[in-house]
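Below: one structure, written as structure tokens.
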Amino acid sequence: MSRTIQFGPSECTLELSGWRAVIAFENRITLPYRFIKHVQVGSFTPEPGTLRMPGTEIPFSSTYAGRFLYGNNWYFLSFERTNHLLLLDLEGHAKYRKIVVQVENPAEIAVTLQQHLLAQHE
């Protein structure tokens, strides 16, 4: 898959490659663990009125990639389906309030991410 998450001691990095990086206008997002407030695996569909800025939305599909603005909140989206996604709620991040990505084994990644978050609070 051309979306991966690398775990470091104080931050994780979402990396996109290939055409997914091109249509998202982004190839790497670094997320210090201190900004991640909630992690879950679930479904996500952008609300009506969500604006691509810049981003890609393919009509009549579930493909979203890039930066999207909803209200005053910036989201980073990268998926081709609306379920079984990794959803991250952020607080204090310089760019984003929410990141939603389709990755292999999202449940395993969510558990690993939760372990890193817990380790940061010890």
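The values are calculated or read from the model by the stated rules, or taken from the named source; none is laboratory data. Remember, predicted model here, so these are calculated numbers, not experimental data. Neighbour counts run over all protein chains shown; Cβ positions are idealised from the backbone, glycine included. Side chains included, ligands, DNA and RNA excluded: accessible areas come from the protein's heavy atoms. Shrake-Rupley method; radii C 1.70, N 1.55, O 1.52, S 1.80 Å.
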Taking the conditions exactly as written (outside any helix (DSSP H, G or I), over 29 Å from L118 (Cβ atoms) and over 14 Å from the mean Cα position of the chain (by Cα)), does R67 satisfy them or not? no
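Of all residues in region 1-25, how many are touching a Gly at 6+ places or on another chain (Cβ under 9 Å) and closer than 17 Å to T112 by Cβ? Give the steps one after another, and end with the answer.
At the first step, the residues of region 1-25 found to be touching a Gly at 6+ places or on another chain (Cβ under 9 Å) are 2, 23-25.
Okay, now just the ones that are also closer than 17 Å to T112 by Cβ, so none.
Of the residues in region 1-25, 0 are touching a Gly at 6+ places or on another chain (Cβ under 9 Å) and closer than 17 Å to T112 by Cβ.
Find the residue count for region 97-110, including only residues that are in contact (Cβ under 8 Å) with a residue 24 or more places away in the chain and either more than 9 Å from the chain's Cα centre (by Cα) or closer than 13 Å to R34 by Cβ (or both). Even if it seems obvious, please write down each step before you answer.
Residues of region 97-110 in contact (Cβ under 8 Å) with a residue 24 or more places away in the chain: 97-104, 106-107, 109-110.
Going one step further and asking which of them are either more than 9 Å from the chain's Cα centre (by Cα) or closer than 13 Å to R34 by Cβ (or both), we end up with 97, 103-104, 106-107, 109-110.
Within region 97-110, residues that are in contact (Cβ under 8 Å) with a residue 24 or more places away in the chain and either more than 9 Å from the chain's Cα centre (by Cα) or closer than 13 Å to R34 by Cβ (or both) number 7.
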Could you check, for region 26-48, whether at least one of its residues is touching a strand residue (DSSP E or B) at 6+ places or on another chain (Cβ under 8 Å), within 26 Å of Q115 (Cβ to Cβ), free of Cβ contacts under 8 Å to residues at least 40 places away in the same chain and surrounded by 19 or more Cβ atoms within 10 Å (Cβ to Cβ)? no
Which residues, counting only those in region 70-79, are loosely packed, with under 15 Cβ neighbours inside 10 Å and either basic (K, R) or touching a strand residue (DSSP E or B) at 6+ places or on another chain (Cβ under 8 Å) (or both)? N73
Does region 1-25 hold any residues that are outside any loop (DSSP other than H, G, I, E, B), open to solvent by 60 Å² or more (accessible area, probe 1.4 Å) and free of Cβ contacts under 8 Å to residues at least 40 places away in the same chain, and which are they? Q6, E11, W19, V22
Of the residues in region 99-117, how many are outside any helix (DSSP H, G or I) and crowded, with 19+ Cβ neighbours inside 10 Å? 5
